[in-house]
Amino acid sequence: MDTSSPTDKPGLRELAAVAIISAAVLGLELALMRTLAISRWHHFAYLVVGLALLGFGASGTWLGLLTPRLLPHFSPWVRGLTLILAVSITLCYRSAESLPLQMRYVLFSGQQLFYLTCYQALIFLPFLVAGILIGFTLIRFAPSVNLVYGANLLGSGTGPILAVGLMMWLPPARLIQGAAFLVWTSVFLWPPAPGRRSARRFAGISVLVGLLIVAEAIFLPVPMRTDPHKMLAELQRWQKQGDARHLVTRHGPRARLDVFTSPRLHHTLFAGLTATTPPPSQSLLLADGESAGPMLHIDNPAGASILEHTPMSVAYRLLPNARVLLLGETSGVNVWLARRYGASKITLVVENPQMLDVLLGPLDHIGDRGLKGEDLEVHSASPRHFLEYSEDRFDIIHVVGAEGMAAGVSSLLSLHENYLLTVEGMVRCLEHLTPRGLITITRGLQSPPRDNVKILATLVAALEGIGVQRPDTHLAQLRNHLAVCTLGAGKPFEPIRVQQVVQISDLLWLDIDTLPGFDPHSREPFNRLMGSTGENGSFYRMAAGEIFSPNRERFFKDWAYNVRPATDDRPYFFDFFRWRSLPRFIRSHGHYWFQRLELGYVVLVISLVQIVAAAVVLLLLPLFLWARHRRSPSGGGWAFVYFLLLGFAFLALEISLMQRFTLLMGDPLLAAAGVLSGFLFFAGLGSIYAQRWTHKPAWAIFLAGLGIALSAPLVFLLSKWLLGPVSTWTTASRFVVLLILLAPLAFLMGWPFPAGMRLLERWSPGLMPWAWGLNGFASVAAAPLTVLLAMSLGFQAVLALAVGSYLLATVLAFRVWGSVS
């Protein structure tokens, strides 16, 4: 029997084991998100992993019920749980991927709903075991909880950096296997079980498990069941039929890139009815299994004649021989468009550097033709960051990243932050225009309209932001039967330009919904679209009139979708969901109303509901039943609220600053990795060293709460103020600035949890497992809740709520434990 005292201080080996397991679990989370985004959909990954992380919260139930029995046998149990975790990581993922799950039919098929439940349960299990393992160690070394919690945070901070780095070379499914192997290595760091015979037997079992994990990675194929409705699955079917050829695959932390070529690919790029020539032969670039754009097999601009018949060509027809900026280009198609009209200089901004590596590496026979030349200047940066540091001006700023079919119901774009399609982003575009310059943005049609209406509203707000009194004189909107082209200018449209636009629209059979000085009723439409009852014209025409009128705010409130312009504080351009429109959808579309919604927002709500429902069943109900049969000190409920507030506040602050530093870093991946790892690493150091600075936990909570309340708004403001001064610095220098800004705040955020656990251990030790579980539940629920709040209120409001939560937690700590020293 292991009779070691529960008050022992953990050794370096135990702390190292906690750190390794924590790093592996965070790496597993990121690997699962990437794997499921490739094989399924981004929103599916969000649902599954969001619920799976609740395993940390549910672990409190198991610990609360079983800790008194297991604690005397800590050594054999902690080693056994580590082996179970290592095996469950690969076994559960492989079992989940074997299920014939099709998410599109979950709402209509009981069988598919059963498969989804099984899938989530399988992914949930490893996180439950990990939560039990780490929580068990925290309780075992309760007087030194700051050391164990610090090791947990330090490991968690290291995991994302390791995972992102390894994703440059390994498929994410391989990282899942790597996480299992990393957990297995930590088995040998735990103290051996008493008895030589038992130790030898366990060592043999451990070695056998390690060999099985290695054999599974070497000899079994990587499990990945691609959703049959994804473009990747479709092209793979063509490949089996001999109708397509797979050219290359590249893995990376931003996306998995695939390129296929096939004679069946005929992307017409929004070409209108005036096009008489077929599109050239092409390959298709895929990002995470979905189309990122075609790659034309041509040698010179003459082969791109079909592009002349697209709405995107309007700006180039108006401004031949222009200096062109292509923001967010992927496959090089718009380089050919610019060259077709004799662009004197083309500046290409590609957000994902992997795309350049693919096009100029294994596919240089295609990429060399379009992405090289003396007329071309290539930047690997986010479009918004390029606008922050560039001093150049352009005749045409082509927002390529907004191109594509409108945000459909199957996408999760509403969860994606976009700092280019905000009012501030459009202001930067206007500031980089020459006096004659134009912004051009093209997106597919959708009924009822929302994307293109929101684009127009955003440009109106941006023009007003730079002092324009009549923004309607600076804007035009034209469309064919496939897409809408919105043009914005820093100067009012002159009569000659208006005349040129009308001539081009006649040539390309484009309908004009808004153009200064042009009467839309003066000609019959080429492409008749539905309009408002009693109105002569399309919904686009009606929307433009309302946006330009004093009734703009009323229009925003009454429209079926959220078309209010996005801002840097609420950078969710693709969020169109409105609660007040839900009854209208149900009435209009009957049983198909769900398919008409923008699923991103709905996924967040479903995820939050799932987490809360699961928490009630797995945590709150068992806690209620447990408390009925035990006597706890008065104020236990407030103690639980303290840990709930800490869980929410930590994640809310982390997510808010992650978004703020996206602008500073110019790369959402680097910002996410830097903030996540920096927060956890410095919070871990804070947890370890806090007890050395103050031996009174209540005093530590007070100092931390006050310090966080002062430093969090300061970090938020400094990150905004430094955006301009450091935008031209190297990536490494900006990363150092990020860490310097985060370090003091994160260091203090590592104090309240271990200090609260130390007070709880003195006050009522039996509540410690439940506090651990409730804190984990709040952390998981905070992820969707924070994004929902940011969409509705903005990240500044979320930051204020997080700071308020820390202050309230500080007050509760003194109320509950004021007499505990």
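The values are calculated or read from the model by the stated rules, or taken from the named source; none is laboratory data. Computed from a prediction, not measured in an experiment: that's the story for all the values here. All Cβ positions, even for glycine, are placed from backbone atoms using ideal geometry, and neighbour counts span all protein chains on display. Heavy atoms of the whole protein, side chains included, go into the accessibility calculation; ligands, DNA and RNA do not. Shrake-Rupley method; radii C 1.70, N 1.55, O 1.52, S 1.80 Å.
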For the subset of region 363-396 comprising residues that are within 31 Å of the chain's Cα centre (by Cα) and small (Gly, Ala, Ser), which member is modelled with the lowest pLDDT?
-> 367
Residues located in region 279-290, provided they are surrounded by fewer than 20 Cβ atoms within 10 Å (Cβ to Cβ) and polar (S, T, N, Q) = 281
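Would you kindly identify the helices (runs of 4 or more DSSP H) lying entirely within region 706-784 that contain at least 3 residues that are within 28 Å of residue 612 (Cα to Cα)?
Ranges flagged: 752-763.
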In the list 71, 113, which residue meets the criterion of being at pLDDT below 85 and over 30 Å from the mean Cα position of the chain (by Cα)?
-> 71
Within region 628-645, identify whether any single residue is farther than 19 Å from residue 763 by Cα, within 28 Å of the chain's Cα centre (by Cα), assigned to a helix (DSSP H, G or I) and modelled with pLDDT of 85 or more, and answer yes or no.
-> yes
Taking only pairs six or more apart or across chains, which ones have beta-carbon atoms under 8 Å, a first residue in region 697-721 that is on the phi < 0 side of the Ramachandran plot, and a second residue that is modelled with pLDDT of 90 or more and open to solvent by 80 Å² or more (accessible area, probe 1.4 Å)?
-> 716/796
Given the conditions (1) buried (at least 20 other Cβ atoms within 10 Å of the Cβ); (2) at pLDDT below 95; (3) under 22 Å from residue 318 (Cα atoms); (4) out of contact with any Leu (no Cβ under 6 Å at 6 or more places or on another chain), and given that residue 480 satisfies all but one, which numbered condition is not satisfied?
-> (4)
If residue 739 satisfies every condition in (1) open to solvent by 30 Å² or more (accessible area, probe 1.4 Å); (2) modelled with pLDDT under 85 but one, which is the exception?
-> (2)
Search region 114-138 for residues being closer than 29 Å to residue 755 by Cα and either among the β-branched types (Val, Ile, Thr) or in contact with a strand residue (DSSP E or B) (Cβ under 7 Å, 6 or more places away or on another chain) (or both), and hand back the single one that is surrounded by the most Cβ atoms within 10 Å (Cβ to Cβ).
-> 132
With (1) closer than 30 Å to residue 619 by Cα; (2) surrounded by fewer than 24 Cβ atoms within 10 Å (Cβ to Cβ) as the list, and residue 653 as the residue in question, which single condition is left unmet?
-> (2)
Kindly check whether there is at least one residue in region 447-469 that is outside any helix (DSSP H, G or I), in contact (Cβ under 8 Å) with a residue 24 or more places away in the chain, open to solvent by 10 Å² or more (accessible area, probe 1.4 Å) and among the polar types (S, T, N, Q).
-> yes
Would you say residue 276 is at pLDDT below 90, over 23 Å from residue 167 (Cα atoms) and surrounded by fewer than 18 Cβ atoms within 10 Å (Cβ to Cβ)?
-> yes
Determine whether residue 545 is among the small types (Gly, Ala, Ser), open to solvent by 20 Å² or more (accessible area, probe 1.4 Å) and at pLDDT 90 or above.
-> yes
Return only the number of the condition from (1) free of Cβ contacts under 8 Å to residues at least 60 places away in the same chain; (2) of a type in the set (Val, Ile, Thr); (3) over 28 Å from residue 18 (Cβ atoms) that residue 728 does not satisfy.
-> (1)
On the given criteria, is residue 235 touching a strand residue (DSSP E or B) at 6+ places or on another chain (Cβ under 6 Å) and assigned to a helix (DSSP H, G or I)?
-> yes
Scan of region 219-245 for residues that are surrounded by 15 or more Cβ atoms within 10 Å (Cβ to Cβ), more than 30 Å from residue 91 (Cβ to Cβ) and without any contact (Cβ under 8 Å) to a residue 24 or more places away in the chain, ordered by number | 234, 244
Scanning region 779-794 residue by residue, those surrounded by 24 or more Cβ atoms within 10 Å (Cβ to Cβ) and touching a Phe, Trp or Tyr at 6+ places or on another chain (Cβ under 6 Å) turn out to be 782
Restricting attention to region 430-446, does a residue exist that is touching a helix residue (DSSP H, G or I) at 6+ places or on another chain (Cβ under 6 Å) and open to solvent by 30 Å² or more (accessible area, probe 1.4 Å)?
-> no
Within the bounds of region 368-378, is there any residue that is β-branched (Val, Ile, Thr), more than 15 Å from residue 259 (Cβ to Cβ) and either without any contact (Cβ under 8 Å) to a residue 12 or more places away in the chain or open to solvent by 10 Å² or more (accessible area, probe 1.4 Å) (or both)?
-> yes
Matching option when the condition is closer than 26 Å to residue 494 by Cβ, open to solvent by less than 10 Å² (accessible area, probe 1.4 Å) and at pLDDT 95 or above, among 318, 325 | 325
Can you name every residue in region 402-419 that is under 23 Å from residue 513 (Cβ atoms) and either at pLDDT 95 or above or in a loop (DSSP other than H, G, I, E, B) (or both)?
-> 403, 404, 405, 406, 407, 408
Within region 165-172, is there a residue that is assigned to a helix (DSSP H, G or I), modelled with pLDDT of 85 or more, open to solvent by less than 40 Å² (accessible area, probe 1.4 Å) and out of contact with any strand residue (DSSP E or B) (no Cβ under 8 Å at 6 or more places or on another chain)?
-> yes
Within region 255-312, which residues are charged (D, E, K, R) and under 27 Å from the mean Cα position of the chain (by Cα)?
-> 256, 258, 288, 290
Does region 50-67 contain at least one residue that is open to solvent by 60 Å² or more (accessible area, probe 1.4 Å) and modelled with pLDDT of 85 or more?
-> no
Within region 731-752, how many residues turn out to be within 15 Å of residue 687 (Cα to Cα) and not aliphatic (A, V, I, L, M)?
-> 5
Residue 557 vs (1) at pLDDT below 85; (2) surrounded by fewer than 18 Cβ atoms within 10 Å (Cβ to Cβ); (3) not acidic (Asp, Glu): all pass except (1)
